[in-house]
Amino acid sequence: RDISALLDILETDAVWSDRMDWTNISAAGFSIGGYTTAILAGARTDRDQFFAFCASDQRDGTCEPQLEYPTAQQEFQDIAETDPSLIEKLNDDALDWSDARIQKFVLIAPAPGMALTDDSLSAINHPGLIIGGASDKVAPIASNAGRIASLWENADLQTLQDVTHYDFLNSCTERGIEFTPVCQGGSYNKTAAHNAAIALTL
């Protein structure tokens, strides 16, 4: 809803409305932003499907606490206990949140891919580019980028070798490497990953 709300504002903004080519709007997102981009294209969420996947022996890194915010799920549950309406709002996940103003889509290491329904992915007609890292253990290609691309008829899957999930993030400073979990480990192949993703997107 945030992306659509932003487009609503831009459409009526005195500075930006005439500067936008409203016949050529694209969306791009990384990780859960890639999931959001799929939703904007017409994909729909089935949380029960995702939970069933995470309860199976096929579960992947998207089911685990994430390095950048390992306490997120517990904090969410704590908030939900004091605000039950939060759980009710999650039912909106299954609705259609596509935005017809957006015509092209780039998903970079999208996650969680197993939360998106087969039928909704198969119904997307817009062109899509899906980029995944072959060494991504957070959102492995098979259950995320690859699954989405296999169902999205007009999508092109591009796999970057020796690239991990966090290689798509900003390059880390020495201090970042020392103190920030997402900067520790991985291939440190960020520049190559960035350049490849930019070239493919253009």
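Listed values, structure above:
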{"read-out": "Scan of the range 17-62 for residues that are open to solvent by 30 Å² or more (accessible area, probe 1.4 Å) and touching a Gly at 6+ places or on another chain (Cβ under 6 Å), ordered by number", "value": "36"}
{"read-out": "Helices (runs of 4 or more DSSP H) wholly inside the range 91-202 containing at least 2 residues that are in contact with a Cys (Cβ under 8 Å, 6 or more places away or on another chain)", "value": "174-179"}
{"read-out": "Every residue from the range 63-73 that is modelled with pLDDT under 95 and surrounded by 14 or more Cβ atoms within 10 Å (Cβ to Cβ)", "value": "66, 67"}
{"read-out": "Residue match in the range 4-16 (condition: aliphatic (A, V, I, L, M), surrounded by 15 or more Cβ atoms within 10 Å (Cβ to Cβ) and assigned to a helix (DSSP H, G or I))", "value": "yes"}
{"read-out": "The range 147-202 - residue that is basic (Lys, Arg) and surrounded by 16 or more Cβ atoms within 10 Å (Cβ to Cβ) and, of those, farthest from residue 129 (Cα to Cα)", "value": "190"}
{"read-out": "Cross-chain or 6+ apart pairs with Cβ under 6 Å, the range 1-28 first and within 14 Å of residue 99 (Cα to Cα), then among the charged types (D, E, K, R) and in a loop (DSSP other than H, G, I, E, B)", "value": "4/99; 7/101; 25/101"}
{"read-out": "Scan of the range 74-115 for residues that are surrounded by 17 or more Cβ atoms within 10 Å (Cβ to Cβ) and either of a type in the set (Val, Ile, Thr) or free of Cβ contacts under 8 Å to residues at least 40 places away in the same chain (or both), ordered by number", "value": "102, 106, 108"}
{"read-out": "Residue within the range 87-98 that is under 30 Å from residue 194 (Cα atoms), of a type in the set (Phe, Trp, Tyr) and within 13 Å of the chain's Cα centre (by Cα) present", "value": "no"}
{"read-out": "Selection from the range 116-135 of residues that are among the small types (Gly, Ala, Ser) and open to solvent by less than 30 Å² (accessible area, probe 1.4 Å)", "value": "120, 128, 132, 133"}
{"read-out": "Unique residue being under 15 Å from the mean Cα position of the chain (by Cα) and of a type in the set (Lys, Arg) when the list is 44, 101", "value": "44"}
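The values are calculated or read from the model by the stated rules, or taken from the named source; none is laboratory data. Bear in mind the structure is a predicted one, so any value in this text is a computation, not a measurement. Cβ atoms come from the backbone with ideal geometry, glycine included; neighbour counts cover every protein chain shown. What goes into the accessible areas is simple: the full protein's heavy atoms, side chains included, and nothing from ligands, DNA or RNA. Shrake-Rupley method; radii C 1.70, N 1.55, O 1.52, S 1.80 Å.
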